[in-house]
Amino acid sequence: MADVNANGIITQEVILYDENGDVIPVVAGANTGVKGLRVFGGPTDPMSDVPVVIEFDHHQVHEGEAWKWNFIGAVNATTKDVRFSVPALTATTRTPHVLMELIADNASATLGLYEGTTWTAAGTDDSARIFNRNRNIAGAPNSKIYVAGVTALTPNALGTLIESGYIFTGKGAMSIDRGTMEWDLKSNTEYLIRVVTVGSGTVLLRVNFYEDKGV
């Protein structure tokens, strides 16, 4: 609604309505003393009255949609394979956004992510060790993780190598910068996460991912 004040200046009034058609009161700046419309994208801190924002992947933890799987053990100049199986999901929304991390102690190691892997032996389901990072919320992700166990895990065709990294001899880590290293995996697709060590040593492999359910 426009108006003209005593000085001939046109002013603008903003009126907001809720879903019931009722007027939403305009809130004055409680702490600054400045009157006007304040629009925030989220809640404000009860003490300072400033907007509270967090990174989206952190938000997914709060939503109970973020997951973590770990492997720690000896990989003695050999290969550790992990099958990451993505079912048919809505692309970009529900498909898993994955971040891998590898730490090695006494051996240099490589970490690879292959897309479109096929299997001669499908492995043992290890999805029970995929933990919800919000411990107040139960449930399981749609994606599954398989390892060598009661049923062997044997790739037939590796697929396309889409991520590779190298850890030098001694302690190190890779693929921990979400902004540049996160992958939004493809729906209805098989992936191979492969760790190869040059010498004998213990490695820690972490797979963090979230599946946004839109809540």
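Rule-based calculations on the coordinates, nothing more; no lab input. What you see is a predicted model, and the numbers here were worked out from it, not measured in a lab. Virtual Cβ from ideal backbone geometry, glycine too; neighbours counted across all protein chains shown.
How many times 2.2 N^0.38 Å is the alpha carbon radius of gyration of the range 68-210? Can you show the working numbers first?
Working: Rg = 14.6 Å, N = 143, 2.2 N^0.38 = 14.5 Å.
Rounded to two decimals, the normalised Rg is 1.01.
Where does the charge balance sit around ASN136 when Lys and Arg score +1, Asp and Glu -1, over other residues with C-beta under 14 Å from its C-beta?
0
Could you put GLU190, GLU63 in order, starting from the residue whose Cβ has the fewest other Cβ atoms within 10 Å?
Placing the least packed residue first, the sequence is GLU63, GLU190.
Given the options ALA140, ALA88, GLY116, identify the residue whose Cα lies farthest towards the positive end of the charge dipole of the range 77-215 (+1 on Cβ of Lys, Arg; -1 on Cβ of Asp, Glu).
ALA140
Just order 96-102, 148-154 by mean Cβ neighbour count inside 10 Å, highest at the front, would you?
Descending mean neighbour count gives 96-102, 148-154.
Calculate the dipole size of the range 68-210 relative to its Cα centre from +1 charges on Lys and Arg beta carbons and -1 charges on Asp and Glu beta carbons; express the result in debye to the nearest 20. Write out the running numbers ahead of the final one.
Details: 13 positive and 11 negative charges, 72 e Å.
With Lys and Arg at +1 and Asp and Glu at -1, about 340 debye.
Hand me the tally of lysine pairs in the range 76-215: alpha carbons under 25 angstrom apart, and the pair either on different chains or 8 or more positions apart. Kindly include the intermediate steps, with their values, before the conclusion.
On the way: LYS80/LYS144; LYS80/LYS171; LYS80/LYS186; LYS144/LYS186; LYS144/LYS213; LYS186/LYS213.
Eligible lysine pairs with Cα atoms under 25 Å apart amount to 6.
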